[in-house]
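The values are calculated or read from the model by the stated rules, or taken from the named source; none is laboratory data. Fair warning: this is a prediction, and the values are worked out from it, not measured in the lab. Cβ sites come from the backbone with ideal geometry, for glycine too, and all protein chains shown count toward neighbours. What goes into the accessible areas is simple: the full protein's heavy atoms, side chains included, and nothing from ligands, DNA or RNA. Shrake-Rupley method; radii C 1.70, N 1.55, O 1.52, S 1.80 Å.
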Amino acid sequence: MRLYDSLTQNKREFIPRDGDHVTMYFCGPTVYNYVHLGNARPYVLSLVAKRYFESLGWSVTLVENITDIDDRIIAKAQAEGRTAKEVAEEFAAAYIEDTNQLGLGRPDMEPYATDHIAEIIDLVQRLIENGHAYVAVNGDVYYKVASFDTYGKLSKQRIEEMRHGARIDPGEDKADPLDFVLWKAAKPGEPAWESPWGLGRPGWHIECSAMGLKYLGEGFDIHGGGRDLIFPHHENEIAQSEGALGTDFVRFWVHNGMLNTKDEKMSKSVGNIFLLREALREYRPEVLVCFFVSSHYRSPIEFSKESLAKAGRQIERLRNVFRALADYTGSTADEVAPRAPQAMVDAPAGSASGDEALAEAVEAARRGFEQAMAEDLNTGGALGEVFMLAREVNSALGRRDVSVAAMASARDALTDMVFVLGLDAVARVGEEVPEEVLQLAADRRRAREERNFAEADRLRDAIAARGFEVRDVPGGFKVVPRQV
Ligand code: AMP
Ligand code: ZN
């Protein structure tokens, strides 16, 4: 596959460093508030990329950090008379709860900055020793930007230009306005850890260098996050890591575009946020995932209720296709536990030409899907292939000229594809009707066949009492949630 690298600004063939094992690090949230829908974008990207790589037969280690020490966490804690740890724990738990609901699984590791103080101190120490960092009189430790020749290579800025208008803020004790803090000396009342430079706490950028290197090693495959992190965060991560190692920090820099409202980044400081938990109250999780994967990950997305409504309609279309497929084939592709049929319809015979045409459509969709994903994770194009196959399936369902086996292979292809895109919830149509209700429906069919209409009516009422309705369809029946 080819992947775009923001550092070289081109797409290159992506071959994992360790054979068939992919190493990825994504910058996670700073936990001082609930995450918003924009924060969900890199989360969705990282887990969809993981699913895609796994579909290629690679294994993946995805690390996504949680920043649990930061000025904003401390400020919030002080304003509310709580400790920074309490604030961070509350919002880290909320972040995990909210993102869990997206149904994409979790990253393999979610390390916290404050659990890595020793690694951070080691890295800062190394930078001081090799001349990339210095200790200020007040106990802060700064990175000496002028010591790193290629500073600015990621954000495409020149040091001389950055120096224009740069100044040293009150309270900072640095030699050059461009220098950035690695370790902050403790102020009274702030959380602090022992270090060779006195009590203090890590700056923001250093945690990602320390944890990325610890868990994934030198020159790992993919470092990701939102575009807004290119400068200064990722530029500084490069300076820190490469300054300490003398070798390349990562192989591909992957940045998602912003989720904007009226062309402005969704962010707490702008005040235009839609919290992920609020969004999850209004929309099904797969609708939010569909909203993201419909666009290319690098494009900016304009937030609007209309786009979410459109994603909702797309999801409904897919769900309907899977429902119809379950009715036709008498099963879903649920690998965990094959469910009892939600509907019982006499198997259509199919025809050789119908089967062949559908098999060709399945083949073309699988190929198109693979090609789209292999071209810089073009999830929008891949989703287009899903819809194309869904259309073919719908017309074949109408014609009833396809065998159950051929239809089941179309269903399996669609199931595989929606899984990679993180939309597998649409395929789980079987879970909607409990086993017991299906049994009642099957009994009712038998009663009708035996012309025992009193028993059939009794069973219909029993099904209704459980919130379902049996509909007779040509050649069989269908169980659907009761419309009240
Ligand atoms: P933060 O807590 O602000 O560091 O953000 C956590 C992650 O969300 C980072 O990868 C950010 O780049 C990303 N992010 C923040 N705001 C947005 C947005 N409006 N759209 C897309 N990604 C965002
Ligand atoms: Zn980071």
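For the reader, a short list of remarks on this structure follows.
- Helices (runs of 4 or more DSSP H) (entirely within region 197-311) containing at least 3 residues that are over 19 Å from the mean Cα position of the chain (by Cα): 204-216, 235-245
- Filtered residues of region 218-250 (kept if away from ligand 1 (no atom under 14 Å from the Cβ) and open to solvent by 20 Å² or more (accessible area, probe 1.4 Å)): Glu218, Glu242, Leu245, Gly246, Thr247, Asp248
- Cross-chain or 6+ apart pairs with Cβ under 8 Å, region 449-475 first and over 19 Å from Gly330 (Cα atoms), then among the basic types (Lys, Arg) and open to solvent by 50 Å² or more (accessible area, probe 1.4 Å): Ala456/Arg448; Ala464/Arg482; Gly467/Arg482
- Looking only at residues in region 191-219 that are among the small types (Gly, Ala, Ser) and more than 11 Å from ligand 2 (Cβ to nearest atom), the one that is nearest to Tyr142 (Cα to Cα) is Gly203.
- Some residue of region 111-133 being surrounded by fewer than 20 Cβ atoms within 10 Å (Cβ to Cβ) and among the hydroxyl-bearing types (Ser, Thr, Tyr): yes
- When the test is whether a residue is away from ligand 2 (no atom under 16 Å from the Cβ), over 24 Å from Leu383 (Cα atoms) and in the same structural domain as Ile238 (by TED's automatic domain parsing), Ala75 passes it.
- So Arg411, is it more than 21 Å from Ala364 (Cα to Cα) and either of a type in the set (D, E, K, R) or part of a loop (DSSP other than H, G, I, E, B) (or both): no
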